[in-house]
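Student: Sharing a structure below in structure tokens format, with a few things to ask.
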Amino acid sequence: MSRPLVICDCDEVLLHFVGPFADYLAAEHGLTLGLDTFALTGNIRRGDGTAVDATEFMPLLDGFFDTHMATQTPAPGAAAALASLAERCDIVILTNVDDRHNPVRTAELARHGMPYRVVCNSGPKGAPVAALMAEYGATAGAFVDDLPPHHGSVKRAAPGVFRLHMVAEPRLRGLIPAAVDADRRIDDWPTALPVLEAALGVTQ
Ligand SMILES: [Mg+2]
């Protein structure tokens, strides 16, 4: 019998990202990441104040994931909330990183108490969410992500999936408005858990 399916992003939902990424940029490249606006490209600057070009961004991002993923720390309550949901639901981590980062990302999440299947993606998440719902034969689903465009994409491709907008990183919360296509905006796991349980019909 199929169970409800929880499809959850990783960076800034389960694991902190901007802090470790900023530390990596400073230590390995002598660059500074500013957080005055919600954008990574354009906010990375050299010592002389000039911004790093957009074309240089992806190599920096992949460089971080290649060598520094182990510096990412878990969001408070994430592992406990997913463990509770996993008793009654299937869990898949849907993360926009290159496939080559899957083994380390899977191992790091497991090391932090989140031993779940990791699916790597690029671009909008609507299509992979719809595909996962079909693959699992799930009758109910929930999607958790920090980036508003993904909620629009999932709303269009899998409208029956409950969409929770979560920005687990306190420094980003004020920079990311509530996603208009999400059902709820909740930025911490202890508050989100009963809301997800209710949406999935698995209230204890
Ligand atoms: Mg994210």
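Here's the yes/no breakdown for (1) under 13 Å from the mean Cα position of the chain (by Cα); (2) open to solvent by 40 Å² or more (accessible area, probe 1.4 Å); (3) closer than 17 Å to Cys120 by Cα:
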{"position": "His16", "(1), (2), (3)": "yes, no, no"}
{"position": "Gly19", "(1), (2), (3)": "no, no, no"}
{"position": "Thr37", "(1), (2), (3)": "no, yes, no"}
{"position": "Arg45", "(1), (2), (3)": "no, yes, no"}
{"position": "Thr50", "(1), (2), (3)": "no, yes, no"}
{"position": "Phe65", "(1), (2), (3)": "no, no, yes"}
{"position": "Ile91", "(1), (2), (3)": "no, no, yes"}
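Student: Hey, another quick one. Collect the residues in the stretch 159-169 that are of a type in the set (Gly, Ala, Ser) and surrounded by fewer than 24 Cβ atoms within 10 Å (Cβ to Cβ), keeping them in residue-number order.
Tutor: Matches in the stretch 159-169: Gly160 only.
Student: List every residue pair whose Cβ atoms sit under 7 Å apart, with the two residues 6 or more apart in sequence or on different chains, where the first one lies in the stretch 181-198 and is under 13 Å from Ala142 (Cα atoms) and the second, anywhere, is modelled with pLDDT under 95 and open to solvent by 70 Å² or more (accessible area, probe 1.4 Å).
Tutor: Going by the 7 Å Cβ cut-off, the qualifying pairs are Glu197/Thr203; Glu197/Gln204.
Student: Given the criteria open to solvent by 10 Å² or more (accessible area, probe 1.4 Å), at pLDDT below 95, closer than 20 Å to Ala39 by Cβ and assigned by TED's automatic domain parsing to the domain that holds Leu94, does Leu147 qualify?
Tutor: Judged against the criteria, Leu147 is not a match.
Student: Let me ask something else. Suppose we filter Thr41, Thr95 for residues that are modelled with pLDDT of 95 or more and either surrounded by 21 or more Cβ atoms within 10 Å (Cβ to Cβ) or within 16 Å of the ligand (Cβ to nearest atom) (or both); which single one remains?
Tutor: Thr95
Student: Is there a residue in the stretch 134-143 that is within 16 Å of the ligand (Cβ to nearest atom) and surrounded by 14 or more Cβ atoms within 10 Å (Cβ to Cβ)?
Tutor: Yes; the residues of the stretch 134-143 include at least one that is within 16 Å of the ligand (Cβ to nearest atom) and surrounded by 14 or more Cβ atoms within 10 Å (Cβ to Cβ).
Student: Also, quick follow-up: Taking the stretch 5-21, which residues are under 24 Å from Gly160 (Cα atoms), within 12 Å of the ligand (Cβ to nearest atom) and among the β-branched types (Val, Ile, Thr)?
Tutor: Scanning the stretch 5-21 gives a single hit, Val13.
Student: Select from the stretch 110-127 the residues that are within 23 Å of Arg185 (Cβ to Cβ) and assigned to a helix (DSSP H, G or I) and list them in ascending order.
Tutor: The answer is Gly126, and nothing else.
Student: Something else: Before we move on, is Asn102 assigned by TED's automatic domain parsing to the domain that holds Ala138, free of Cβ contacts under 8 Å to residues at least 40 places away in the same chain and surrounded by 14 or more Cβ atoms within 10 Å (Cβ to Cβ)?
Tutor: When the stated conditions are applied, Asn102 passes them.
Student: If we keep just the residues of the stretch 45-70 that are among the aliphatic types (A, V, I, L, M) and not in a loop (DSSP other than H, G, I, E, B), which is modelled with the lowest pLDDT?
Tutor: Going through the qualifying residues, I end up with Ala54.
Student: Moving on. Specify which of the listed residues (Ala107, Ala130) is over 26 Å from Val180 (Cβ atoms) and either open to solvent by less than 60 Å² (accessible area, probe 1.4 Å) or part of a helix (DSSP H, G or I) (or both).
Tutor: Just a single option satisfies the conditions, and that option is Ala107.
The values are calculated or read from the model by the stated rules, or taken from the named source; none is laboratory data. Here the structure is a predicted model, which is why all the values come from computation and not from measurement. Cβ coordinates were reconstructed from backbone atoms using ideal geometry, including for glycine residues, and neighbour counts include every protein chain displayed. The protein model used for the area step is the full one, side chains on, heavy atoms only, and it has no ligands, DNA or RNA in it. Shrake-Rupley method; radii C 1.70, N 1.55, O 1.52, S 1.80 Å.
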